[in-house]
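Asker: I'd like to ask you about the structure that follows.
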Amino acid sequence: MNGLRDYVATRGALSLLALDSASSGYDELVAQDGAPRAAWRRLLAGHEPDLVDLRRVDAEIERMLSDDGVVYAPPGQRQHQWRLDPVPLVVDAAEWADLEKGLAQRAELLNAIVADLYAERTVLSQGLLPPEIAFAHRGFVRSLARPGQNDPAPVTITAADLSRAETGEWLVTADRVQAPSGIGFAMENRRVLSRVLPQLHREAAAHRLAPFFQALRSAILQAAPDGIESPRAVVLSPGPMSETVYDQASIAASMGFPLVEAADLTVSSGCLWLRSLDGLQRVDVVVRRVDAAWSDPLELRGDSRLGVPGLSEAVRRGNVRLVNSLGAGVAENPGLMPFLPDLCEELLGEPLRLSSVGTHWGGAPGGRDLLIDRMSELRMTTLDGRGVPSDAEELRRRIETEPWRWVGQDALHASSMPALEGDRLTPHTVRWRTFTMRHGASYRPMAGGLATARSAVGEQQVSKDVWVVKQDPADPDQGLSELMPVTALRTPATLPPRARGDMYWMGRYVVRIEDTLRLWLPCHALAIDFHHRPGSPGGEALAVLRAALRRLMSASDALVDADDLRTALSDAGRPGSVAQSVEQLTLIAQSLRDQVSPDLFRVTGALARALDASRERASDTHLGEDAETMLTGVLALNGVSENMVRDAAWRVHEIGRTIERASQLTQLLEPALGRRRGPEIDREVFDAVLQVTESAVTHRRRYRGYVRVANVVDLLVLDAENPRSLRFSLERIQQHLSALPASSGSTRPERLVDDLLALLSDTDLAHLVVIEGEYRPRLRELLVTVQSQLWSLSEAIENVHLASGPRQRPIELPLVIEP
Amino acid sequence: MTRYQVQHRTSYSYDALVTSSYGVAWVMPRRMPGQEVADATVAVLPEPEDLGISSDYYGNEVRYFHVTSPHTELVVDAHSVVDVATVEFPRALLDRAWETCRPLGSAEPRAWRAVDFALESPLVEHPDSAREYAAATLSPERPVGEAVSELVHRIHADFAYRPGVTSVTSTVDEVFAAQAGVCQDFTHLLLSCLRSHGLAARYVSGYLATTPPPGRDRLVGADASHAWAAVWLGDDHWLAVDPTNDTRVDDRYVTVAWGRDYGDVPPVKGTVFTTAFSSELSVYVDVQAV
């Protein structure tokens, strides 16, 4: 079965017969006469993939996206893996030539409108735009529209959502100017698709995206205030829980701009600074992915934790530029659309090239009646972003009371194209997000973009790559034959406090996963053999290891069988489980995309797949194989750590790893060695402990297989040479701490480690393993002390090395209380 | 012309050190027809590391400050000498039919600026309660001066002055439910009544003189900041009225700033970095006729 060709044949027949409603609109592949469209002819004539190929490619895509850790969280939903369909949206060169001009013009126009609204406001005073359209829109930020403010280029990046009408014309359904997202996804889609469909991609001769991206980097740096030679840019993110965290982090990582959150920045002397381990560093450009209203708790929303107090003031003084400017959101206003043709004539002196979807404003002459008459068929929105009542009578009443507040847009019968749904190609409606950047003094659209396909028959929504085909394969990519000069070399990586904390916790989670798995594996093996023989040496050893494992898991959840190995491995809802640690690591990895090797995502992807596999197993017997796979995966992360530059970030990461290791060790040793159970059982338990701590080989070599508790304690607690011993870990922490910039030799973390090491030095081995009754009270006491000191140490490290200062709060407003 | 010496001191004290404090303050009387500012200073203590003075979107003087020396008390202390005259409105303006003073869709050259004050604002919504309450007064073609006076009078009669029943974020509907509030609530209420019928009206913050000029009655409890409203009568004419005292604004009133509602021009607002859990605010206002 020939995938796309089959689709063409079927759609062709259907559209000729007008048999189903989905086929009555414009189809991207098939013309009205049933023949394939120009853009597709070349692709369909060649080695076009059949359905079997497409399914294979689809699986490869899923695998690659998983390896890259590409996630997306639709509003109100959990983060899930990004989805990309194997069939791209293809746009031919002739069509693009028109669109390109239209998109560039639109960005220029929106920029001119925003610039005017924040300075002279001539569009209002001359009556080109009814003032209520600007004033009622939430994106109009009055604190940026002060007298004397004048920013001729408030808009650096715009996105326009396009849908194709039945006439075949692309129409703009929405402009995104506040903080446009999606360029990172578009880049990733292309990277993946060009690899899984190399031949098709080559034959299509589509514009490569990389030159656009390079030019965008340069455009962002050029947005810096005048006179700065090598500007520093950062990407301001709302945090790892944000819908498009991947998009933000991937842009930061590939452009070499630090990904920061509000607490990493501070305003001082009217300038914006990045807190780094080397002190404050001046920031010149902020790629703002936080909506304006949340960007400055001092002057905008006071309850925001996502913004930097004083940012508006720094902007007004011209000491920092935002991409896009804080006020740019006003251009997302749907109420602007009906006025764009006149505004374009007036501000740019040319006719508007790219039309918007039919948009009707209630404040226009006859607008109120039009909205009320067509209420049910129009897509109704408000200027100020307020909700639309579901009750028709209430809606009618509101439109009648304040018609100027309402905007209605024509419902569009968008074009359709195939996407893989289940194991077949089905028609999907398609929407195309285009991106346009400021390029020198003009604007330049990306020949490509990000498309979204929504199934016409099912529920599926999936992204698509967009291939804009070149007129001649020899044409320069993106039409950028001359790259703009790069104004600065790769900005040296700086480590904001937020990333320092993430590095630390990444270290802890990596080791937590490894050590939990190392404990889980012998538990599982022993459980298979000794589950029903509790009194046997093996059964007792199992009980001891389980006790250690239980300590890592939630004890409070009475519903979970505390000894259930399946949930301990793969139930992310169970605190302390391997799955939960993997979820945490994956989340942290997203915000470290700009700091660490992309191999990290390969590992988290592999871990997630092994977890999925374990969840699908019917019996517990083979769970061990999945755990082995995970262990192999997490061990590969040692490579990531080894290849890190030996800077403060690496040290913080190593401290995290080492504290976690020490803490896991004491958690294991206390139940395992603190009690005497008879020589046969003890031997079994000690063997298991040595295996879990990877010290069996060393032990055998040193003690020739003679297992005594003193030897085990010596090797795992007091030994300064064994990398798995407590002392070794503490000495490592001591070294790393002393090399951190905030350390003075007497900081609390340093004092705590010194005390711990002194405690070990003062400990006499023979004394330590003395038995009283069944127990070894001195050993237990030492391990409990060390555990609680490690807690304090972790807390102290967070306070001294990872925190960004005291918390922020709004000052209470004085009430006006006079009669 | 009456001359006043004004002092407005806002202080915050915290139960732990504040290491960084950002603030914006609208505490300087503004220069405008009928009001001259002779002498004006604002002191922030501790001494700010950074201080900015600028004109806000509405032309009010606003101060930005950043205090970086660790402190447990912050003081914003404003002193000024202000000359105020009562602004008289020509009869013809006050007699305009109220409908002709609506800026939306108006052809008057300055109407577009007034539109900002005819729309809903963050703290002044247009609930049906306010629209219906005002409809009884805004009968067709009624002279605007008379209609506004009547609304002010009704609010004064129907709502009780009672501190503590509302907060800085109370909505118009909440004030209707309580049938009580403070000057800021009555001002927001009046704004909602006028704007929901298309009139433009702004929120004005300022002070009311404590010591009355000779021959006038002393108004109660005037030693605090005050708020009232001003209604657009076309061109750049704004009729200022005080719903709390049921009166037209005259030379007893010192104007500091105006905006769409309280949120545009609070005397002081800020963000502090601290481990403190609570702070105490005290405000001292003194307006002396000299």
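Asker: Under the rule of at least 5 residues apart or a separate chain, name every residue whose amide H is placed under 5 Å from the amide H of A:Ala174.
Answerer: A:Asp161
Asker: For region A:461-470, in order, what is each residue's ³J(HN,Hα) by Karplus, 6.51 cos²θ - 1.76 cosθ + 1.60 with θ = phi - 60°, in whole Hz (x at glycine and Pro)?
Answerer: Rounded to whole hertz, the list is 10, 8, 8, 9, 7, 10, 9, 8, 7, 6.
Asker: Can you give me the Cα centroid spacing of region A:735-786 and region A:401-415 in angstrom?
Answerer: Rounded to whole Å, the Cα centres lie 70 Å apart.
Asker: Quick check: the angle from helix A:93-117's long axis to the longest principal axis of chain A, C-alpha only, nearest 10 degrees?
Answerer: 90 degrees
Asker: Under a point-charge model restricted to the Cβ atoms of Lys and Arg (+1) and Asp and Glu (-1), what is the dipole moment magnitude of region A:644-807 relative to its Cα centre, in debye to the nearest 20?
Answerer: Using Cβ point charges on Lys, Arg, Asp and Glu, region A:644-807 gives about 300 debye.
Asker: Still on this model: Identify the GluC sites (Glu not before Pro) of region B:1-99 meeting these criteria: DSSP loop state and at most 12 other C-beta atoms within 10 Å of the C-beta.
Answerer: Sparse-neighbourhood loop GluC sites (Glu not before Pro): B:Glu88.
Asker: Follow-up question, since we're still on this one. Using the charge dipole of region B:91-264 (Lys, Arg: +1 at Cβ; Asp, Glu: -1 at Cβ; taken about the Cα centre), state which of B:Pro109, B:Trp98, B:Ser121 has its Cα farthest towards the positive end.
Answerer: Going by the charge dipole, the pick is B:Pro109.
Asker: Okay, next question. Per residue of chain A, what 222 nm ellipticity follows from adding -39500 (n - 2.57) for every DSSP H run with n ≥ 4, rounded to the nearest 500?
Answerer: Calculated at 222 nm, the ellipticity per residue is -14000 deg cm²/dmol.
Asker: Per DSSP H run of n ≥ 4, the term is -39500 (n - 2.57); total these for chain B, divide by its residue number, and report the mean residue ellipticity at 222 nm rounded to 500 deg cm²/dmol.
Answerer: Only helices count here, giving -5000 deg cm²/dmol.
Asker: Under a GNM of chain B (C-alpha, springs under 10 Å), which listed residue has the highest mean-square fluctuation: B:Gly52, B:Gly263, B:Gly145?
Answerer: Maximum among the listed residues: B:Gly52.
Asker: Still on this structure, please answer the following. For B:Leu233, which sequence-distant residues (separation of 5 or more, or a different chain) have an amide H within less than 5 Å of its own amide H, given hydrogens modelled in the peptide plane?
Answerer: For B:Leu233, whose amide H was placed from the backbone, the distant partners under 5 Å are B:Trp238, B:Leu239.
Asker: So which trypsin sites (Lys or Arg not before Pro) in region B:110-185 end up in coil per DSSP with only 15 or fewer other C-beta atoms within 10 Å?
Answerer: Of the trypsin sites (Lys or Arg not before Pro), the ones in loops of region B:110-185 whose Cβ has at most 15 other Cβ atoms within 10 Å are B:Arg110.
Asker: Which cross-chain or sequence-distant (5 or more) residues have an amide H under 5 Å from the amide H of B:Ser225, H modelled 1.01 Å from N in plane?
Answerer: A:Ile817
Asker: Roughly speaking, what is the centre-to-centre gap between region B:51-123 and region A:106-165 when only Cα atoms are used, to the nearest Å?
Answerer: Result: 23 Å between the Cα centres.
Asker: Another question about this same structure. Can you give me the angle between helix A:623-642 and the longest principal axis of chain A, using Cα atoms only, in degrees from 0 to 90, rounded to the nearest 10?
Answerer: Value to nearest ten degrees: 80.
Asker: Can you tell me which lysines have their Cα less than 16 Å from the Cα of A:Lys101? Leave out same-chain residues fewer than eight positions away.
Answerer: Cα-Cα hits under 16 Å: A:Lys470.
Asker: Compute the long axis of helix A:599-616 from its Cα atoms, compare it with the longest principal axis of the Cα atoms of chain A, and write down the angle in degrees, 0 to 90, nearest 10.
Answerer: The two axes meet at around 80 degrees.
Asker: According to the square roots a ≥ b ≥ c of the eigenvalues of the Cα gyration tensor, what is the shape class of the protein assembly as shown, taking rounded for a/c under 1.5, prolate for a/b larger than b/c otherwise, and oblate for the remainder?
Answerer: Oblate is the answer for the protein assembly as shown, as a/c is 1.5 or above yet b/c matches or exceeds a/b.
Asker: Using alpha carbon centroids, what distance separates region A:242-307 and region A:637-659, in Å?
Answerer: That distance is 25 Å.
Asker: What ³J(HN,Hα) values, in whole Hz, does the Karplus curve 6.51 cos²θ - 1.76 cosθ + 1.60 give for region A:644-653 when θ = phi - 60°, with x put for Gly and Pro?
Answerer: 7, 4, 6, 10, 4, 4, 5, 5, 4, 4
Asker: Let me ask another. From a point 7 Å beyond the Cα of B:Ala157 in the direction of its Cβ, which residues of region B:106-134 have a backbone N at a distance under 17 Å?
Answerer: Under 17 Å, as judged by backbone N against the label point of B:Ala157, lie B:133-134 of region B:106-134.
Asker: Further question on the same structure: Taking every residue in B:162-173, how many Cβ atoms of other protein chains lie within 10 Å of its Cβ, on average?
Answerer: Whole-number average of other-chain Cβ neighbours for B:162-173 is 1.
Asker: Follow-up question, since we're still on this one. With springs connecting C-alpha atoms under 10 Å apart, model chain B as a Gaussian network and identify which of B:Asp250, B:Asp15, B:Asp83 has the largest mean-square fluctuation.
Answerer: Result for chain B, Cα springs under 10 Å: B:Asp15 fluctuates most.
Asker: List, in order, the whole-Hz ³J(HN,Hα) value for each residue of region A:126-133 obtained from phi through the Karplus relation with A = 6.51, B = -1.76, C = 1.60 and θ = phi - 60°; use x for Gly and Pro.
Answerer: Residue by residue, region A:126-133 yields 8, x, 6, 9, x, x, 4, 5 Hz.
Laboratory data are not the source of any read-out in this text; all were calculated from the coordinates shown. A quick note: this is a predicted structure, and the numbers were derived from the prediction, not measured. Cβ coordinates were reconstructed from backbone atoms using ideal geometry, including for glycine residues, and neighbour counts include every protein chain displayed.
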